[in-house]
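To start, the structure under review is shown below, and the notes come after it.
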Amino acid sequence: MNIWMTVLLFLVGLVLIVKGGDWFLDGAVWIAESTGVPRFIIGATIVSLATTLPELTVSVTGVLQGEVDLAVGNAVGSVTANLGLILGISVVCIPSVVSKKQFNLKAVLMVSGAALLLVLCRGGGLAFLPSMLLFVIFAVYLGNNIVDARQGMAERREEHPGRRTVSHRQMAMKLGLFAAGIAAIVIGSRLLINYGSELALLLGVPSSIIGVTMVAIGTSLPELVTTLTAIAKKEASMSVGNIIGANVIDLTMILPVCSAVSGGRLTIGSQTTALDLPVCFLLCCIAVVPPLLKGKFYRWQGALMLAAYAGYVAVLVM
């Protein structure tokens, strides 16, 4: 394929994710408003599950094709990119206040997932049975979201007992918009990943580095697009909930699934155990400690996350 076609497909992917992000967030906001579920919870559940589809697809496909370093690097690197780059941008732009009731447990689960993954992978592999501990964290996370969603809906019913019901036509249009946004983001992300990775491989960049940088950022594009759209529309809670939720899913679901697919034990490279996972854990701590203690994010915190991510990428490049 010639260079012009590669550039064209790259630009098509870019247009798809930008427009898809707009549709996706509009649909998510409508779901929150029509059901009464808080925006943070919608971001942490429906939005985060949808935006982690690229990471799950790329990692499982990588394992099946024998590209284990790329698969592992993608899963871990996506969390690092979500925090260091995407949440960093979000916090610098909108240093929002958080609801401790909605935020605290989810933040602790994210840090616990990163810490547990760091411990389980120290021996150079992730066995399937021990990785079930990560699934326990994932189950607690989902259970907590269900409880929060029910409480939010109950509170909304008490505040607006006689609110107008939504027409089936409007529901179909909004859910269709939401689904179209997901499809556009996933297809656009795949175009960017495929042709970006192809160029990197031609330049001789190792697959482990491609996994934690280019592919990780590429598969994090849905979160980035959702975050930038949320910033533009002043929906900070949706953005933070999406990033925290996506990270919990990345840390506690993707690698255990990859371990099962790989035959019961996933090989973990030395770069992942010595650099990628410690940096991931460090960024988790930077991201959640100030909101846990003070109930809000700070611009200096976002700048620190961006600086830490820039330093991490610089170490990889060197």
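Numbers at a glance
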{"quantity": "Label-point separation in nm, T61 to M132, each point 7 Å along Cα→Cβ", "calculated": "3.1 nm"}
{"quantity": "Label-to-label distance, nm, for residues given as N144 and C285 (7 Å Cα→Cβ offset)", "calculated": "1.9 nm"}
{"quantity": "Separation in nanometres of the label points that stand 7 Å from Cα toward Cβ, at M171 and A303", "calculated": "4.9 nm"}
{"quantity": "Under the Debye formula (equal points on every Cα, no solvent term), log10 I(q)/I(0) of segment 260-318 at q = 0.25 Å⁻¹", "calculated": "-0.99"}
{"quantity": "Segment 61-140 shape via C-alpha gyration tensor axes, a/c threshold 1.5", "calculated": "oblate"}
{"quantity": "Accessible area of R265 in the full protein assembly, 1.4 Å probe (Å², nearest 10)", "calculated": "130 Å²"}
{"quantity": "Ranked order, T273, T229 - accessible area, probe 1.4 Å, largest first", "calculated": "T273, T229"}
{"quantity": "Full-extension gain in nm, V315 to I231, via 0.36 nm per residue minus C-alpha separation", "calculated": "27.3 nm"}
{"quantity": "Highest to lowest packing among 119-127, 82-90, scored as the average C-beta count within 10 Å", "calculated": "82-90, 119-127"}
{"quantity": "Added length on full extension, which subtracts the Cα-Cα distance from 0.36 nm per residue, A183 to D26", "calculated": "55.1 nm"}
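The values are calculated or read from the model by the stated rules, or taken from the named source; none is laboratory data. Values in this document were obtained by computation on a predicted structure and should not be read as measured data. Positions of Cβ are backbone-derived with ideal geometry, glycine not excepted, and every protein chain shown enters the neighbour counts. In case anyone asks, the SASA skips ligands and DNA or RNA and just uses the protein heavy atoms, side chains included. Shrake-Rupley method; radii C 1.70, N 1.55, O 1.52, S 1.80 Å.
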